[in-house]
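Peer 1: This is the structure I want to talk about, given as structure tokens.
The values are calculated or read from the model by the stated rules, or taken from the named source; none is laboratory data. Everything quoted here is computed from the prediction, not taken from an experiment. No Cβ is skipped: glycine too gets one built from the backbone with ideal geometry, and neighbour counts run over all protein chains shown. Side chains are part of the model used for accessible areas, which takes the heavy atoms of the whole protein and leaves out ligands, DNA and RNA. Shrake-Rupley method; radii C 1.70, N 1.55, O 1.52, S 1.80 Å.
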Amino acid sequence: MATQEQLNKLFEVANEAKKRAYCKYSNFRVGAALLCEDGTIISGCNVENGSYGLTICAERTAYTKAISEGHTKFKTIVVTTDVEDRFITPCGACRQFGIEFGNFDVYCVKPDLKSFFKSTTSDLLPGSFTPADLDAPRTNN
Ligand SMILES: [Zn+2]
């Protein structure tokens with residue numbers, strides 16, 4: 001769980017990352033900030049591609065940056081967009097990507113950086129497939 005001070009910083013970092021979004025096709029800017037267990041904050045933005053299917057979301061950008069820098073345990077991820085009238089939550093792919101690394105807080109923050117919806121990786125993906133499922137007994141039939 002993040003402290004209030006960490007949350008404030010995460011909101012700012014996500015908002016700054018949003019400004020770096022490469023979203024020339026959708027024009028839908030998304031920023032993310034990921035709080036690692038050791039207190040490190042990793043930012044992410046969406047990165048689109050002319051071959052649309054290659055587009056990567058802000059959350060997955062943050063996760064992959066963190067993993068590549070040696071962080072595998074997370075406390076909180078914050079996501080923000082330019083949408084003012086509702087909370088934008090992570091897409092299905094990002095929910096699955098996040099639950100891979102356990103249950104932690106997810107904040108979806110409006111552009112005012114004040115209003116937010118708080119959830120967790122587990123609550124956002126009930127009945128999820130997790131690494132533990134790979135260890136379940138299996139039949140060879
Ligand atoms: Zn996504």
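Peer 1: What is the number of the single condition among (1) on the phi < 0 side of the Ramachandran plot; (2) touching a Phe, Trp or Tyr at 6+ places or on another chain (Cβ under 9 Å) that Gly102 does not meet?
Peer 2: (1)
Peer 1: For Lys110, work out the one condition from (1) surrounded by fewer than 17 Cβ atoms within 10 Å (Cβ to Cβ); (2) at pLDDT 95 or above; (3) not aromatic (Phe, Trp, Tyr) it doesn't fulfil.
Peer 2: Just one mismatch for Lys110, condition (1).
Peer 1: List the residue pairs whose Cβ atoms are under 7 Å apart, where the first residue sits in region 103-128 and is over 24 Å from Glu84 (Cβ atoms), the second is at pLDDT 95 or above and of a type in the set (Ser, Thr, Tyr), and the two are 6 or more positions apart or on different chains.
Peer 2: Listed pairs, sorted by first residue: Asn103/Thr120; Asn103/Thr121; Asn103/Ser122; Phe104/Thr76; Phe104/Thr120; Phe104/Thr121.
Peer 1: What are the residues in region 56-99 that are near the ligand (Cβ under 9 Å from one of its atoms) and in a loop (DSSP other than H, G, I, E, B), if any?
Peer 2: Cys57, Pro90, Cys91
Peer 1: Checking the structure you have, find out if any residue of region 90-104 is over 13 Å from the mean Cα position of the chain (by Cα), over 18 Å from Phe11 (Cβ atoms) and open to solvent by 40 Å² or more (accessible area, probe 1.4 Å).
Peer 2: No: region 90-104 contains no residue that is over 13 Å from the mean Cα position of the chain (by Cα), over 18 Å from Phe11 (Cβ atoms) and open to solvent by 40 Å² or more (accessible area, probe 1.4 Å).
Peer 1: Okay, next question. Among (1) polar (S, T, N, Q); (2) more than 24 Å from Phe129 (Cβ to Cβ); (3) open to solvent by 50 Å² or more (accessible area, probe 1.4 Å); (4) touching a helix residue (DSSP H, G or I) at 6+ places or on another chain (Cβ under 8 Å), there is one condition Ser26 misses while meeting the rest; what is its number?
Peer 2: Single failed check for Ser26: (4).
Peer 1: Residue check: is Asn49 open to solvent by 20 Å² or more (accessible area, probe 1.4 Å), closer than 18 Å to Phe97 by Cβ and free of Cβ contacts under 8 Å to residues at least 40 places away in the same chain?
Peer 2: Yes, satisfied.
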